[in-house]
Each structure stands twice: as C-alpha cells, then as structure tokens.
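Take a look at the structure set out below.
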Amino acid sequence: SKLALNPNLTTTDAVWRGLFRDVRCRRALSLAIDRDEINQAIYYGLGVPGASTILAQSPLYKPDYTTAWSTLDVDKANALLDEMGLNKRSDDGLRLLPDGRKMVIVVDTAGESTEEADVLQLVRDSWKKIGVDLFTKPSELEVFRNRIFAGESVMSVWYGADNGIPNADMSPWEFTPSSQQQLQWAKWGQFIETKGEAGEKIDMPEAQQLYDLLLSWRAATETDKRTAIWDEILKIWADQVYTIGTVANVPQPVVVNRHLHNVPEKAVWAWDPGAQFGVHKPDTFWLDEARQLSSVAE
C-alpha cells in the first residue's frame, strides 16, 4: 500500500488499546474508507485500491488478500461499531468512547509529503459517515517514531510493506511481530528484539500465531513448506486487518537522461529488497558519451 494506517495495538491509552484490539473496530475503519475516491483523486486512477498486502506480481498472491475488509461498505462498518457498543453519539453525530470522549482518532504523521495530508483528508471525510473523526498530528520523523515506540500515539500513517512481491524463500517478517519499527505493535517488536528486556510480550492469540509461524518459516528448509506458512500468515494478516491499506501499485515516475542506456523501462521501486535502484544493477547502466558530446556541440 502506498500509504497505510496503523492502529497502535500497544498504545498506552487504555481505551483506544481496547478498541483497536477488537478486530471489529479495525475492520469497520477499513470498510469505511472510499479507496476508489482516493485512487482517482490522488493517484489519477493508476493504483489498485485494497488492503495492505502483497502485490499481484508475487507468486504467493491471492485476490482475497487485496479485497478482505477493504471494499467500501458504510452500513457494515456502522453495524460493527454498534455491535461493539459504540452506539452513543454526541450532538454533532460523533460516536462516544466508553469513557465519554468523542471518537476522534489522532493520526501521527512524519509529514513526508502533502500526499499524506490529502489522503488523510479523504479518509476523514469517509469516516465521518460512521461517526468517527480524524485529526492529523505532524512531527519530525524522529519524534514521530519515538511517540509510537513509547505508546503515546494511537494511530499513525506510513508506507505499507516494502517487499510487495515476495516469494516463499523470502522472510515474512514484515507481516509478523518482529521489529520495533512495525508501527502497529512497536512494543511487541521491541520485546522480541531485546529478548524480553524491554517492550511488551505479545498478548493477542492471532498475533502470537503470526510470530510462531515466523519461527516455523525460519526452521523450514523446503520451499513447499515455506509456501504453506506464507499462505497461513497472509490469511491471518488479511482477516485481522492489523494495518489499514489504501491504494497499492502506484507508479513511481523516474526521470532518465536520454543518453543513459540499459535502464529498465518498467521495474520495481522499493527499498527492500534492492534498495530501490540497486536491484536493477546500476553498474551496468552506461552513457552514450559520443552522442552526448555531439548534442552539446550542436
């Protein structure tokens, strides 16, 4: 997903922690987003609306991963929140939290681009239809991360998984609790990375299952076994909506000098694997120097 919303399952706000740990809340927020509108308004209709998951180019991909809880359904979203007991409203139509606060979600952002603000405004407009409001809290990247790591943030916006086209022999760590950098469960990741010296132990069964599957993947030596594990991980990930995707497969324009050769016309743009252009062997690019000099002379 070009941008994904991350409910913080390890936030220190007890009320929001309880709500976000209820899968009905995460599903409702996802169902209430008009991804087609975001795709048309922000990405000129060039992306693929859907959940935050792997891309269709991956041999592990299944269409259900993209469509799970990600098709606009305001009635279903409202029904899920009502089912949770969030059926009391303020005078301005916002739902009330169990402690009486209005259901206003403050989304932390690193302010990486105006694109984030534009997408979040469209999400806000959609969420208003289910009695939920959204405000953004921009900050510097280091402050942004530290707020999430400390549990001060209740939700954040960031890019989806880096590796959108994995195969069975690539690690599924991005879809399992394993790192503090995972903004939806930073304290669980910290606990794992520090071997229990900091953070919090995983205390949700589905999330623990994901971690156990990661350990099983690491122990597996056969590709068929690893494929089966990946499939189980992605099924749980899609069903539990740990991050809320918006639009994926958005083209990334890259300007290339006309005298530079061997640059692929279409390629994958991602930090991991490949460090963006690294996977395309830039050491094999070459400049047509004679042509370049001729152009300058003219």
The Cα extents of the stretch 185-226 along the principal axes, largest first and rounded to whole Å, are 35, 20, 12
Computed over the Cα atoms of the chain, the Rg and Dmax in Å are 21.2, 75
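Using the Cα atoms of the stretch 91-152 to build a convex hull, what is its mean projected area in square nanometres?
Across all orientations, the stretch 91-152 yields a mean hull projection of 4.9 nm².
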Largest first and rounded to whole Å, the semi-axes √(5λ) derived from the alpha carbon gyration tensor of the stretch 122-183 read 27, 18, 10
If one builds a Gaussian network model of the chain from Cα atoms under 10 Å apart, the most fluctuating residue listed among D92, D36, D288 is D288
Mean accessible area per residue over the stretch 156-298 (1.4 angstrom probe, all protein chains present, square angstrom) is 56
Chymotrypsin sites (Phe, Trp or Tyr not before Pro) in the stretch 141-171 lying in a DSSP loop, each with at most 15 other Cβ atoms within 10 Å of its Cβ, come to Y159
Cα-based Debye curve of the stretch 1-147 sampled at q = 0.11, 0.17, 0.21 Å⁻¹ gives log₁₀ I(q)/I(0) of -0.44, -1.07, -1.48
Expressed in µm² per second, the diffusion coefficient of the stretch 170-298 from the Stokes-Einstein equation, with Rh the Kirkwood radius over alpha carbon pairs, at 10 °C and 1.306 mPa s, is 87
If one builds a Gaussian network model of the chain from Cα atoms under 10 Å apart, the most fluctuating residue listed among A248, A161, A110 is A110
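So for the stretch 192-262, considering every pair of alpha-carbon atoms, how many percent are separated by more than 18 Å? Write down the numbers at each step before the final one.
Working: 1544 of 2485 pairs.
When all Cα pairs of the stretch 192-262 are counted, 62 percent exceed 18 Å.
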If the chain between D92 and A56 were fully extended at 0.36 nm per residue, the gain over the current Cα-Cα distance would be 8.8 nm
Listed by chain and number, the residues whose amide H is under 5 Å from that of E152, excluding neighbours fewer than 5 places away on the same chain and using placed H, are T12
With T = 37 °C, eta = 0.692 mPa s and Kirkwood Rh from C-alpha pairs, the Stokes-Einstein D of the stretch 49-88 in µm²/s is about 276
So the pair-distance distribution of the stretch 1-68, from every Cα-Cα distance in 5 Å bins, comes to percents of 3, 15, 20, 20, 18, 13, 8, 3, 0
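Per DSSP helix of 4 or more residues, -39500 (n - 2.57); summed, then divided by the residues of the chain. What does that give at 222 nm, rounded to the nearest 500?
-11500 deg cm²/dmol
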Against the 2.2 N^0.38 Å rule of thumb, the C-alpha Rg of the stretch 59-127 sits at a ratio of 1.43
Here FRET efficiency (C-beta to C-beta, E222 to Q276, R₀ 41 Å, nearest 0.05) is 0.80
Both in Å, the radius of gyration and Dmax of the C-alpha trace of the stretch 143-234 are 13.9, 42
For the stretch 210-249, using Cα atoms only, the Rg and Dmax in Å read 12.0, 35
Filtered hits (lysines, Cα-Cα < 28 Å from K128, offset >= 8 within chain) -> K2, K76, K88, K102, K137
Distance in Å, no decimals, from the C-alpha centre of the stretch 38-101 to the one of the stretch 226-244 is 17
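The values are calculated or read from the model by the stated rules, or taken from the named source; none is laboratory data. What you see is a predicted model; the values in this text were computed from it and never measured. When we count neighbours, we look across all protein chains shown, and the Cβ atoms used for this are built from the backbone with ideal geometry, even at glycine. The area values use the complete protein model at the heavy-atom level, side chains included, leaving out ligands, DNA and RNA. Shrake-Rupley method; radii C 1.70, N 1.55, O 1.52, S 1.80 Å.
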